[in-house]
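S.K.: Can you read through this structure? Questions will come right after.
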Amino acid sequence: MSGPRRALLTLPLVLATGVLGFPGHAAAATDYQAESATISQGVVESNHTGFTGTGFVNYDNVSGSFVEWTVNAANAGSTTLSFRFANGTTTNRPMDITVNGGLTGNDVSFAGTGNWDTWATATITVNLDAGSNTVRATAVTANGGPNVDRLTVGDAAPPPPAGMAAAPYEYFGWGSPQRPTDVMTATGLKWFTLAFMLSDGGCNPAWDGSRTLTGGVDQTNINAIRNAGGDVIVSFGGWSGDKLGEKCSSASALAGAYQKVINAYRLKAIDIDIENTEFGSGTVRQRVVDALKIVKANNPGLVTMITFGTTPTGPDSTGQDLIRKGAAAGLANDVWVVMPFDFGGHSGSMGQASVNALEGLKNAVKPAYGYSDDDAYRHIGVSSMNGRTDEADETVTTTDFQTILSYARQHHLARFAFWSINRDRQCGSGGDPDACSGISQSAYAFTRIVVQYSQDLASPVPALP
Ligand code: GCU
């Protein structure tokens with residue numbers, strides 16, 4: 001896909017040589033069993049079902065009884081503590097949570113879970129020091145605490161909403177955008193990926209490089225989407241224009257630019273659509289990876305997606321390098337996404353080429369991250385292009401989308417998106433290729449297929465690795 005006034009047609013060789021089960025989020029979580037921690041005035045028991053490890057701690061109906069864990073943090077900073085507990089009564093059993101001796105959670109609620117075999121999770125966000133930390137959960141009423149099974153550090157944000165996996169691109173500054181709430185009403189779509197966040201000339205974000213974050217059409221539309229029960233992913237990059245990855249000269253500066261956008265809209269997810277020279281530079285690829293790592297650490301639960309071009313059989317050497325850089329940096333990127341079009345030559349249908357490209361992507365992500373096949377599929381996704389692409393020998397039909405849908409369903413892909421909603425209608429005479437598909441179609445024919453994927457995912461939410 002490409003940015004405003006793209007010049008992709010003139011540059012296919014650059015791409016050719018250079019190109020949701022929903023996955024996890026935040027850094028990898030670590031479990032610490034209660035029965036292995038330091039226990040004061042409580043006892044280890046195993047007389048109820050559903051615990052993990054070898055048992056749980058019964059706080060023995062004493063105020064002041066506690067469990068204290070020693071936990072490790074790779075980096076100083078904010079993370080989540082999730083306590084897995086059961087409370088078979090109907091009375092809350094509040095506890096104080098201290099970290100390294102300081103109170104961080106006063107009277108944290110551990111409400112009734114229905115019975116002693118039913119476990120729930122209470123989560124708080126705290127700051128940990130780098131290295132070793134103590135976390136203590138102390139009962140503050142005469143009932144004692146709940147039964148506590150374990151503490152999980154990190155990665156405890158709620159799973160991303162199912163609809164996030166099905167978020168096609170729309171752009172509001174060009175390409176005769178439809179009213180997003182009209183799209184929602186017509187198709188049932190909930191999530192949009194909004195394009196494109198670019199540099200305003202420096203290391204500062206602006207829509208298409210010029211529109212402000214707040215107070216303009218983009219803000220108005222985001223508010224309207226949310227008021228209608230939807231939400232947005234903001235996409236940084238695209239083919240054209242100045243990229244933040246290039247205009248920001250360090251990973252921390254780039255992270256700061258991403259953060260401004262995350263803060264402006266309280267985003268749950270961002271997409272880095274890395275193309276053209278931003279993709280082509282090893283220095284910039286590394287900067288993007290390092291910046292995302294910072295952003296991940298500072299925004300627990302934020303979903304990150306990295307989108308890039310591909311050959312018909314999977315990522316080229318640049319894409320492979322990007323994935324390896326992510327893995328080497330320990331970047332817990334949620335979704336690696338390829339754009340299976342603008343190939344500069346392919347055989348067979350675009351649907352089959354998309355599947356082949358996704359298999360290649362899975363085969364690149366799997367060894368880099370040491371995932372199982374299943375986990376690898378849950379960390380990849382696709383962003384197609386509906387109708388005529390930028391290349392004369394490519395037309396992506398609704399049949400091709402059905403092929404992609406089947407594959408996404410089979411493997412629980414984390415993303416099925418496309419470029420673009422603006423193009424999801426038939427052209428009139430002299431149609432602008434950024435505003436119509438170039439093929440005979442009904443309005444929103446492609447969006448409707450993507451929406452089917454989000455409906456599959458709506459219940460239950462796909463498992464997180
Ligand atoms: C019951 C229950 C225990 C629990 C206790 C409590 O005895 O079996 O597992 O710890 O109630 O009130 O805390």
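The values are calculated or read from the model by the stated rules, or taken from the named source; none is laboratory data. If you're wondering where the values come from, they're calculated on a predicted model, not measured in any experiment. Counting neighbours? That spans all protein chains shown, and the Cβs are built from the backbone with ideal geometry, glycine included. Protein only, heavy atoms only, side chains kept; ligands, DNA and RNA dropped before computing areas. Shrake-Rupley method; radii C 1.70, N 1.55, O 1.52, S 1.80 Å.
S.K.: Residues with beta-carbon under 13 Å from that of Ser317, excluding Ser317: net charge, scoring Lys, Arg +1 and Asp, Glu -1?
M.R.: +1
S.K.: Another question about this same structure. Quick one: length gained pulling Ser132 to Ser109 fully straight, 0.36 nm per residue minus the C-alpha distance?
M.R.: On the way: separation 23, 0.36 × 23 = 8.28 nm, distance 2.59 nm.
Separation in residues times 0.36 nm, less the Cα-Cα distance, equals 5.7 nm.
S.K.: Summarise the accessible area of the range 318-387 (1.4 Å probe, protein heavy atoms) by the percent that is carbon and sulfur.
M.R.: C and S atoms contribute 44 percent here.
S.K.: Counting Lys +1, Arg +1, Asp -1, Glu -1, what net charge surrounds Ala162 among other residues with beta carbon under 11 Å of its beta carbon?
M.R.: Once all neighbours under 11 Å are counted, the net charge is 0.
S.K.: What FRET efficiency comes out for Asp31 versus Ala142 if R0 is 25 angstrom and r is the Cβ-Cβ distance? Round to the nearest 0.05.
M.R.: For Asp31 and Ala142, the calculated efficiency is 0.25.
S.K.: What does the net charge come to around Ala186 if you take all other residues with beta carbon closer than 12 Å to its beta carbon, with K and R at +1 and D and E at -1?
M.R.: +1
S.K.: Quick check: from the Cα gyration tensor, does the range 291-380 come out rounded (a/c under 1.5), prolate or oblate? Don't skip to the end; give the middle numbers.
M.R.: Numbers: a/c = 2.15, a/b = 1.94, b/c = 1.11.
Prolate, because a/c is 1.5 or more and a/b exceeds b/c.
S.K.: Under a straight-distance cross-link criterion of Cα-Cα below 14 Å, which aspartates and glutamates are reachable from Lys260, leaving out those fewer than 8 residues away in the same chain?
M.R.: Asp200
S.K.: Still on this structure: Measuring from centroid to centroid over Cα atoms, what is the spacing of the range 395-413 and the range 422-449 in Å?
M.R.: 19
S.K.: Could I ask something else about it? If a/c stays under 1.5 just call it rounded; otherwise compare a/b with b/c (prolate if a/b is bigger, oblate if not). Do that for the range 24-166, with a ≥ b ≥ c from the square roots of the Cα gyration tensor eigenvalues.
M.R.: oblate
S.K.: What FRET efficiency comes out for Asp374 versus Thr220 if R0 is 41 angstrom and r is the Cβ-Cβ distance? Round to the nearest 0.05.
M.R.: Numbers: r = 41 Å, r/R0 = 1.00.
Computed FRET efficiency for Asp374 and Thr220: 0.50.
S.K.: Follow-up. Label point 7 Å out from Asn100 along Cα-to-Cβ: which residues of the range 70-91 have amide N under 14 Å?
M.R.: Answer for this model: 71-79.
S.K.: What length, rounded to one decimal in nm, is gained on full extension from Ala329 through to Arg266, with 0.36 nm per residue of separation minus their alpha-carbon distance?
M.R.: 20.1 nm
S.K.: Of all DSSP beta bridges located in the range 260-407, what percent are antiparallel, nearest 5?
M.R.: 20
S.K.: Show me, for the range 238-251, the HN-Hα J-couplings you get by feeding each phi into the Karplus relation (A = 6.51, B = -1.76, C = 1.60, θ = phi - 60°), rounded to Hz, glycine and proline as x.
M.R.: Running phi through 6.51 cos²θ - 1.76 cosθ + 1.60 with θ = phi - 60° gives x, 7, 9, x, 7, 8, 4, x, 9, 7, 8, 8, 9, 4 Hz.
S.K.: Averaged per residue, what accessible area in Å² does the chain show with a 1.4 Å probe, protein chains only?
M.R.: I get 36 Å² per residue for the chain.
S.K.: Describe numerically, in nm with one decimal, the distance between label points set 7 Å from Cα along Cα→Cβ at Ser429 and at Ala443.
M.R.: Label-label distance for Ser429 and Ala443, simple model: 2.1 nm.
S.K.: Can you give me the distance in nm between label points at Asp117 and Thr185, each placed 7 Å from the Cα along the Cα-to-Cβ direction?
M.R.: 5.0
S.K.: Among Lys293/Lys366; Lys190/Lys243; Lys243/Lys268; Lys296/Lys362; Lys247/Lys293, which pairs are too far apart, with a Cα-Cα distance over 26 Å?
M.R.: Over 26 Å Cα-Cα: Lys190/Lys243.
S.K.: From the Cα trace of the chain, what convex hull volume per residue do you get, rounded to a whole Å³?
M.R.: Details: hull volume 65.9 nm³, N = 465.
Taking the convex hull of the Cα positions in the chain, it is 142 Å³ per residue.
S.K.: Between Asp321 and Glu68, what is the spin-label point distance in nm, taking each point 7 Å from the Cα along the Cα→C-beta axis?
M.R.: 5.1
S.K.: Starting from the amide H of Phe418, placed 1.01 Å from N in the peptide plane, find each other amide H under 5 Å away whose residue is 5 or more places distant or on another chain.
M.R.: Correct list: Tyr169, Ser384.
S.K.: If you don't mind, there's one more thing I want to ask. Ignoring any ligand, DNA or RNA, what whole percent of the accessible area of the range 144-239 comes from carbon and sulfur when the probe is 1.4 angstrom?
M.R.: Ligands and nucleic acids excluded, carbon and sulfur reach 49 percent.
S.K.: In terms of the Cα gyration tensor, with a ≥ b ≥ c the square roots of its eigenvalues, is the range 303-345 rounded because a/c is under 1.5, prolate because a/b exceeds b/c, or oblate?
M.R.: oblate
S.K.: 5 Å is the cut-off here: which amide hydrogens, built 1.01 Å from N in the peptide plane, fall below it relative to Asp231, excluding neighbours closer than 5 in sequence?
M.R.: Long-range HN contacts for Asp231: Trp191, Phe192.
S.K.: Give the separation of the Cα centroids, the range 325-357 to the range 236-264, in Å.
M.R.: Each part reduced to its Cα centre gives a spacing of 22 Å.
S.K.: Also, quick follow-up: Hey, can you rank 46-59, 286-299 by average C-beta count inside 10 Å, highest first?
M.R.: Numbers: 46-59: 18.1, 286-299: 21.9.
With the highest mean Cβ count within 10 Å placed first, the list reads 286-299, 46-59.
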